[in-house]
Amino acid sequence: MATSRDSNLSQERIQASLLAGPEKRILEWMAKRLPRWVTPDLLTWLGALAMAATGVCYLFSGRHKYLLLAASAGWVVNWFGDSMDGTVARVRNEQRPRYGYYLDHLVDAFGISFVLFGLAYSGLSTPPLCMGLLVLYLIMSINVYLAAHTTGVFRISYARLSFTEGRIMFIALNTVLMFKETVTLIGRDILIADIFAATLCLLLLALVVSSAAKNLRLLDREER
């Protein structure tokens with residue numbers, strides 16, 4: 001998930017996702033119009049609660065399909081809270097770089113865990129695939145944090161994708177699952193959510209391997 005309250009850390013932030021430009025403009029427009037009682041911390045916890053609620057919705061969505069609509073709404077609320085906290089802090093000049101960096105990333109780890117555990121045991125997907133996706137997401141997160149510490153570059157987007165695009169992917173998946181759970185491939189019925197999770201697993205694996213290789217080459221060259 002993208003975080004923004006770390007803007008004053010001694011790191012170069014790279015955010016080059018497909019929607020980064022219009023997203024930034026929308027967030028700044030909203031941040032300037034929020035009442036003062038809406039604080040960055042309140043927005044962070046709003047995003048966290050939205051992820052927990054989304055996980056619960058996924059958990060029961062196998063039996064109650066309408067909960068997929070609620071899960072999609074949860075992703076939208078999470079985007080608002082998670083993306084707006086840093087923007088509000090910057091607009092109001094209330095940045096707490098180390099505090100925000102620590103809190104946001106910790107909340108992110110719990111949030112994605114809630115979501116993928118809920119999806120894993122919803123009956124709409126196979127648990128090992130969701131757990132594999134969670135593990136790869138956490139490995140990718142560790143790679144991002146290590147790279148920020150060792151190279152001074154905090155990369156929020158990879159392959160023109162960030163968590164905003166990821167949220168849109170999950171909302172699209174929810175929409176499809178409202179009407180159809182399986183597709184027939186090679187004479188077998190396969191869960192659509194499994195195809196989605198497997199695709200994301202392969203994407204994350206490719207990104208973390210390529211990123212780690214690039215960072216290790218850079219560090220090796222600098223320290224020889």
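Where a number appears in this text, it was derived from the coordinates with a stated rule and is not lab data. Computed from a predicted model, the values in this text were never measured in an experiment. A quick note on method: Cβ atoms are made from the backbone with ideal geometry, for glycine too, and the neighbour counts reach across all protein chains shown.
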Which peptide among 105-118, 135-148 comes first, and what is the full order, when sorted by highest mean count of other Cβ atoms within 10 Å? 105-118, 135-148
Sequence-separation-based contact order of the stretch 19-223, relative, with Cα cut under 8 Å and 6+ spacing, percent: 22 percent
Taking the Cα centre of the stretch 70-135 as origin, sum charge times position over the Cβ atoms of Lys and Arg (+1) and Asp and Glu (-1), and report the length of that vector in debye to the nearest 20. 140 debye
Treating the stretch 85-162 as a set of equal point scatterers at the Cα positions, no solvent, please give the Debye-formula log₁₀ I(q)/I(0) at q = 0.13, 0.17, 0.27 Å⁻¹. -0.53, -0.82, -1.26
Counting each DSSP H run of 4 or more residues in the chain as -39500 (n - 2.57), what helix-only mean residue ellipticity at 222 nm follows after dividing by all residues, to the nearest 500 deg cm²/dmol? -24000 deg cm²/dmol
Which of MET30, SER162, LEU173 sits farthest toward the positive end of the charge dipole of the stretch 19-223, with +1 on the Cβ of Lys and Arg and -1 on the Cβ of Asp and Glu? MET30
Span-like helices, the chain: DSSP H, alpha-carbon axial extent 18 Å or more, mean Kyte-Doolittle -1.0 or greater, which ones? 40-61, 67-91, 97-120, 127-151, 163-177, 192-223
Note to self: C-alpha centroids of the stretch 94-142 and the stretch 169-224 sit apart, in Å, by 14 Å
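Need one word for the stretch 75-220: rounded, prolate or oblate. Basis is the Cα gyration tensor (sqrt eigenvalues a ≥ b ≥ c); a/c below 1.5 gives rounded, then a/b vs b/c decides.
oblate
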Whole-percent tail of the Cα-Cα distance distribution for the stretch 27-105, cut at 14 Å, equals 62 percent
Taking the square root of 5λ for each eigenvalue of the C-alpha gyration tensor of the stretch 150-224, the equivalent ellipsoid has semi-axes, largest first and in whole angstrom, of 36, 15, 6
List the extent of the Cα atoms of the stretch 1-146 along each of their three principal axes, largest first, rounded to whole Å. 46, 35, 27
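For the chain, what is the percent of antiparallel DSSP beta bridges, rounded to the nearest 5?
60 percent
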For the stretch 133-181, what ratio Rg/Rh do Cα atoms give with a Kirkwood hydrodynamic radius? 1.14
Applying 1/(1 + (r/R0)^6) with R0 = 41 Å to the Cβ-Cβ distance of GLU12 and MET178, what FRET efficiency is obtained, to the nearest 0.05? 0.50
Could you give the dipole magnitude of the stretch 19-223 about its Cα centre, charging the beta-carbon of Lys and Arg +1 and that of Asp and Glu -1, in debye to the nearest 20? 460 debye
Each label sits 7 Å from Cα toward the beta-carbon; between ALA109 and LEU202 the label points are separated, in nm, by 3.0 nm
